[in-house]
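Engineer: My structure is below; once you've seen it, I'll send some questions.
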Amino acid sequence: MHERSSVAELAASLRQEVNRYSPGEKLPSSRALVERYHVSPVTVSRALAELAADGLVTTRPGAGAFRAEPHTRSSRPVDTSWQAIALSAEGAADQVPRSVDAEGVLATLAVPPPGVIELNGGYLHPDLQPERALAAALARAGRRPGAWRRPPVEGVSELRAWFAREIGGPGGAVAASDVLVTAGGQSALTAAMRALAAPGAPVLVEAPTYPGILAAARASGLRPVPVPVDGDGIRADLLDEAFRASGARLVVCQPLFQNPTGTVLSAERRRDVLRVARAAGAFVVEDDFARRLVHENAPALPPTLMADDEDGTVVHVCSLTKVTSPSLRVGALAARGPVRDRLRAIQVVESFFVSGPLQEAALELVGSPSWSRHLRLISRELAARRDALAAALHELLPGLVAPGPARGEAYGHGLRVPQGGCHLWLRLPDGTSEPALTGAALRAGVAIAPGRPYFAAEPPAPHLRLGFASATGAAELAEGARRLAAAFGEVTGG
């Protein structure tokens, strides 16, 4: 049983048991709970921490856990109606509302209930995360001289140099001085948008696109303007038109294994995107989140857009999080010219700097022999899991077809799989209710991501994004497809 599901099940059992104790009465010892429920001491500790957070128990070091005293609440309800005005009042009529819809982001972060197969996640299953290598790297980093001192606000110099080599490629197009270390990719995206566009300004985004981009834009007071994606990536002709129509000076795109479609920006489009942006006097934020998620036997990867940029048009974002662990929140922003100083200033104001020991641990990890072995493992496993899910969908749900942008081997009926990343993007039959299917799937025991949050405006058709990295393996993916097929039949009557 996985640790997180064990914790949830034990916490549920203890919630029922704690009601049998009087306030202040001591619960069984951790050792007794380990023996009774056949779980690890860590599981017991985490389950008790959940109960303590809920106010059901109190823990005393060296003494144990005790039934908490009941809290008495005021009978008068708290009146928070004033917040509706405070949260929506704007200083100017043309400003963008500050309300933010984070549902699309939260869907990929939420832990499904026990027994539910996770096909909506965006992170590697714990079995694929390099936990031992991370633990060893963190231990070595903590012993480094100066590791616990205040790091440079731009980041540890050796880590900046490593990111520069990764971003710039063999030609050395990016210098270490161009790089800022960030607290993950989402933080970098938010900083970039805040630096490059004023509140109320339009920002061009791919359609569909990662919901975190839309949420970060709206949280910064920007107006996302969608530009469609096809089989070669973002459409440069429509990008040119969108720049002229909206007056935007910023586009955010994912040229490699785009989320959710898996599309790779073609060589011709790469040149066109840079040309169009430069002609518009605009920046391109390149979210290169999936470069280390390439699948086994995939074609050679193109260089980053920044490596081909000669005018300082591209601001590059990347991260180590996706290919390691959700908790290794270390990424990079790379830029040339005055914009780099603005990015640095925004990062300093928002977060000062990224934890020094965490940066040192990241540096230890990428410099260890286990790093290349881990990347090979991920490449092989992602390809195998992708194929397992695609084959199961082809067998059980041949009516579901991909919209076309994702490239790769065909599995019949138009279903195509990407050569990198963690997702399949499926178009549903016209008229299918995404909320109804999502609810039916959850009742059937599988969590899926509806397509609506991936569009800045009205979607052209209903879609699903299915992840294959968060499941345990081929057998669980096949079972997830079977449960999805049952839910699909319930919703459509098929």
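The values are calculated or read from the model by the stated rules, or taken from the named source; none is laboratory data. Keep in mind that this is a model prediction, so the values were computed, not measured. Counting neighbours? That spans all protein chains shown, and the Cβs are built from the backbone with ideal geometry, glycine included.
Condition check ((1) under 21 Å from Arg385 (Cβ atoms); (2) assigned to a loop (DSSP other than H, G, I, E, B)) across all residues:
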{"position": "Thr432", "(1), (2)": "no, yes"}
{"position": "Leu437", "(1), (2)": "no, no"}
{"position": "Arg443", "(1), (2)": "no, no"}
{"position": "Ala457", "(1), (2)": "no, yes"}
{"position": "Pro460", "(1), (2)": "no, yes"}
{"position": "Leu466", "(1), (2)": "yes, no"}
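Engineer: Looking at region 311-322, can you tell me whether even one residue there is modelled with pLDDT of 90 or more, more than 16 Å from Thr209 (Cβ to Cβ) and among the polar types (S, T, N, Q)?
Structural biologist: yes
Engineer: From the list Val284, Val330, Val317, which residue is farther than 24 Å from Val156 by Cβ, crowded, with 22+ Cβ neighbours inside 10 Å and of a type outside the set (Lys, Arg)?
Structural biologist: Working: Val330 fails: farther than 24 Å from Val156 by Cβ; Val317 fails: farther than 24 Å from Val156 by Cβ.
Result: Val284 is the single residue among Val284, Val330, Val317 that is farther than 24 Å from Val156 by Cβ, crowded, with 22+ Cβ neighbours inside 10 Å and of a type outside the set (Lys, Arg).
Engineer: Exactly one of these conditions fails for Ile234: (1) crowded, with 24+ Cβ neighbours inside 10 Å; (2) under 18 Å from Thr313 (Cβ atoms); (3) aliphatic (A, V, I, L, M); (4) out of contact with any strand residue (DSSP E or B) (no Cβ under 8 Å at 6 or more places or on another chain). Give me its number.
Structural biologist: Just one mismatch for Ile234, condition (4).
Engineer: Let me ask you something else. Please verify whether Ala277 is over 16 Å from the mean Cα position of the chain (by Cα) and part of a loop (DSSP other than H, G, I, E, B), treating the condition exactly as stated. Steps first, answer last, please.
Structural biologist: Details: over 16 Å from the mean Cα position of the chain (by Cα): yes; part of a loop (DSSP other than H, G, I, E, B): no.
No, not satisfied.
Let's see how each residue does on (1) assigned by TED's automatic domain parsing to the domain that holds Pro114; (2) among the β-branched types (Val, Ile, Thr); (3) not in a loop (DSSP other than H, G, I, E, B):
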position: Leu14; (1), (2), (3): no, no, yes
position: Leu33; (1), (2), (3): no, no, yes
position: Arg36; (1), (2), (3): no, no, yes
position: Val39; (1), (2), (3): no, yes, no
position: Val42; (1), (2), (3): no, yes, yes
position: Ala49; (1), (2), (3): no, no, yes
position: Ala52; (1), (2), (3): no, no, yes
position: Gly62; (1), (2), (3): no, no, no
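Engineer: If you go through region 137-185, how many residues are closer than 28 Å to Tyr210 by Cα and not small (Gly, Ala, Ser)?
Structural biologist: Of the residues in that region, 14 qualify.
Engineer: Among the residues in region 158-168, are any on the phi > 0 side of the Ramachandran plot and not assigned by TED's automatic domain parsing to the domain that holds Gly122?
Structural biologist: Checked region 158-168: no residue is on the phi > 0 side of the Ramachandran plot and not assigned by TED's automatic domain parsing to the domain that holds Gly122.
Engineer: Got at least one residue in region 384-399 being modelled with pLDDT of 85 or more, under 20 Å from the mean Cα position of the chain (by Cα), surrounded by 23 or more Cβ atoms within 10 Å (Cβ to Cβ) and within 23 Å of Ala183 (Cα to Cα)?
Structural biologist: no
Engineer: Moving on to the next point. Looking at Val7, is it within 30 Å of Ile117 (Cβ to Cβ) and in contact with a Pro (Cβ under 9 Å, 6 or more places away or on another chain)?
Structural biologist: On the way: within 30 Å of Ile117 (Cβ to Cβ): yes; in contact with a Pro (Cβ under 9 Å, 6 or more places away or on another chain): no.
No: the conditions fail for Val7.
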